[in-house]
Amino acid sequence: MKLHHVGYTVADIRVSAKRFALLGYQPGEVLYDEGLSVELCYLTKEGSAVIELVHQLQAGSLEAELLRAGGVMPYHLGYEAEAFDEACSELDAQGYKRLFNPVPVGVLDGKLICYFHHPDIGYIELIEKA
């Protein structure tokens, strides 16, 4: 697995992207995924980790709950996995709780993602590497 991004839950992608731009990050386009009911935007800066801004549109989602509880914050690390199924099984075996079964994300060209949680680490997103 290789670190792909740091995920932030945000109330307004455009507002947060402007704030990150002041720190030298360049925003990509705002993507809307109907299947997940979420807006995403990836921010890049040479020599820095990619930042993923996540605006979840479902009121009862993990991201919406975190946003209500603590405001805008980093909440997960996203990792790419070439052997996606094996990486999921490995995290299961290490005691991570799988939050849902892998789902394809349309705006990521149908790549599979899966979220996990461990009380000692927090939230991890696995992304299928194409």
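The values are calculated or read from the model by the stated rules, or taken from the named source; none is laboratory data. For clarity, every value in this text was computed on a predicted model and none was experimentally measured. No Cβ is skipped: glycine too gets one built from the backbone with ideal geometry, and neighbour counts run over all protein chains shown. Surface areas here come from the heavy atoms of the whole protein model, side chains and all, with no ligands, DNA or RNA. Shrake-Rupley method; radii C 1.70, N 1.55, O 1.52, S 1.80 Å.
Is it the case, given these coordinates, that Val15 is of a type in the set (Val, Ile, Thr) and under 25 Å from Gly110 (Cβ atoms)?
No: the conditions fail for Val15.
Can you name the condition, by its number, that Gly35 falls short on among (1) at negative phi; (2) modelled with pLDDT of 95 or more; (3) not β-branched (Val, Ile, Thr)?
The failed condition is (2).
Looking only at segment 103-129, count every residue that is open to solvent by 30 Å² or more (accessible area, probe 1.4 Å) and in contact with a strand residue (DSSP E or B) (Cβ under 6 Å, 6 or more places away or on another chain) and tell me the total.
So the count comes out to 10.
Only residues that are free of Cβ contacts under 8 Å to residues at least 24 places away in the same chain and of a type in the set (Val, Ile, Thr): list them for segment 24-42, please.
If the condition is that a residue be free of Cβ contacts under 8 Å to residues at least 24 places away in the same chain and of a type in the set (Val, Ile, Thr), then Val30 is the only one that fits.
Quickly run through segment 103-122 and pick out the residues that are in a strand (DSSP E or B) and without any contact (Cβ under 8 Å) to a residue 60 or more places away in the chain.
Matches in segment 103-122: Lys111, Leu112, Ile113, Cys114, Tyr115, Phe116, His117, His118, Gly122.
Taking the condition in contact with a Leu (Cβ under 8 Å, 6 or more places away or on another chain), touching a residue at least 12 places away in the same chain (Cβ under 8 Å) and of a type in the set (Gly, Ala, Ser), does Gly95 pass?
Considered against the rule, which asks whether it is in contact with a Leu (Cβ under 8 Å, 6 or more places away or on another chain), touching a residue at least 12 places away in the same chain (Cβ under 8 Å) and of a type in the set (Gly, Ala, Ser), Gly95 comes out as no.
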